[in-house]
Amino acid sequence: MIDLTSSLKERIFVKYDYACQKCGFRDESCEDIVVHVVAKEFRDRTCTEDLLTVLCKICDRFAPQEEKYFNTYISEKIDSNVLETFRKAGRGTSKRTKKGMEKAKAEGKYIGRAPYGYILVDGRLVVDEKKMKIVQAIFADARRGLGLREIGRTYGISAPGVKKILENKVYSA
Ligand SMILES: [Zn+2]
């Protein structure tokens with residue numbers, strides 16, 4: 001797995017002068033460009049910088065994963081102006097998503113999947129009595145010193161699943 005540290009990313013951005021290698025779009029704020037890993041199926045091989053390139057978010061979205069197709073893809077240059085309309089539309093969507101999440105938070109609505117023992121009703125967590133009894137039993141078992149795996153086996157939940165339940169602050173609130 002290639003670990004793209006922020007300093008490595010920065011180095012790649014500078015190397016390619018903050019420009020998408022397909023359409024030439026430049027963005028020094030780095031908000032609309034990404035470091036693209038060529039040939040994802042080789043992710044576990046030693047990362048050399050020539051496997052990394054810079055693409056704008058639009059060109060990145062359509063980039064083929066296979067190296068040979070990718071090389072063709074990136075050699076077919078396009079005019080970044082052609083993509084402007086997609087860029088604008090994309091920005092609008094992410095802004096709307098962000099706004100929607102902020103609104104939900106402000107209204108005290110729960111964002112994400114309901115934790116075990118709850119169901120989501122109109123953005124609010126509602127207790128699922130049957131499953132909450134299991135949650136309580138899991139906490140009781142943990143207090144008695146039973147291991148994660150042992151507890152998991154009893155209730156048909158994986159050990160990491162049990163751990164997640166025990167660590168979730170939603171149950172202690
Ligand atoms: Zn591009």
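Only one of Ile151, Ile165, Ile138 is of a type in the set (A, V, I, L, M, F, W, C), surrounded by 13 or more Cβ atoms within 10 Å (Cβ to Cβ) and in contact (Cβ under 8 Å) with a residue 40 or more places away in the chain; which?
Ile165
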Task: Single unsatisfied condition, Gly112 versus (1) over 24 Å from Leu4 (Cβ atoms); (2) part of a loop (DSSP other than H, G, I, E, B); (3) small (Gly, Ala, Ser); (4) within 16 Å of the ligand (Cβ to nearest atom) - done: (4)
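Determine which member of the set Ile74, Ile78 is in contact (Cβ under 8 Å) with a residue 40 or more places away in the chain, within 11 Å of the ligand (Cβ to nearest atom), outside the structural domain of Gln136 (by TED's automatic domain parsing) and not in a helix (DSSP H, G or I).
Values: Ile74 fails: not in a helix (DSSP H, G or I).
Just a single option satisfies the conditions, and that option is Ile78.
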Open item on the list: Would you confirm whether or not region 131-138 contains a residue that is assigned to a helix (DSSP H, G or I), at pLDDT below 80 and farther than 30 Å from Tyr16 by Cα?
Closed with: no
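Condition first: crowded, with 16+ Cβ neighbours inside 10 Å and not hydrophobic (A, V, I, L, M, F, W, C). Can you find one or more residues in region 94-108 that meet it? Steps first, please.
Taking region 94-108 and keeping what is crowded, with 16+ Cβ neighbours inside 10 Å, we get none.
Taking every residue of region 94-108 in turn, none turns out to be crowded, with 16+ Cβ neighbours inside 10 Å and not hydrophobic (A, V, I, L, M, F, W, C).
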Task: Filter result for the condition that a residue is closer than 16 Å to Lys169 by Cβ and touching a Lys or Arg at 6+ places or on another chain (Cβ under 8 Å), over Gly123, Gly112, Gly117 - done: Gly117
Open item on the list: Can you tell me which condition Phe25 does not meet? The list is (1) surrounded by fewer than 10 Cβ atoms within 10 Å (Cβ to Cβ); (2) over 30 Å from Leu166 (Cα atoms), and all the others hold.
Closed with: (1)
Open item on the list: Within region 46-71, take every residue that is within 10 Å of the ligand (Cβ to nearest atom) and part of a helix (DSSP H, G or I) and give me the one that is surrounded by the fewest Cβ atoms within 10 Å (Cβ to Cβ).
Closed with: Arg61
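Name the single residue, out of those in region 20-51 being small (Gly, Ala, Ser) and within 19 Å of Pro64 (Cα to Cα), that is modelled with the highest pLDDT.
In the first step, residues of region 20-51 are kept if they are small (Gly, Ala, Ser); the result is 24, 29, 39.
Subset that is within 19 Å of Pro64 (Cα to Cα): 24, 39.
Details: Gly24: 96, Ala39: 69.
Residue satisfying both the conditions and the ranking: Gly24.
The values are calculated or read from the model by the stated rules, or taken from the named source; none is laboratory data. Values in this document were obtained by computation on a predicted structure and should not be read as measured data. Note that each Cβ is placed from the backbone with ideal geometry, even for glycine, and that neighbours are counted across all protein chains shown.
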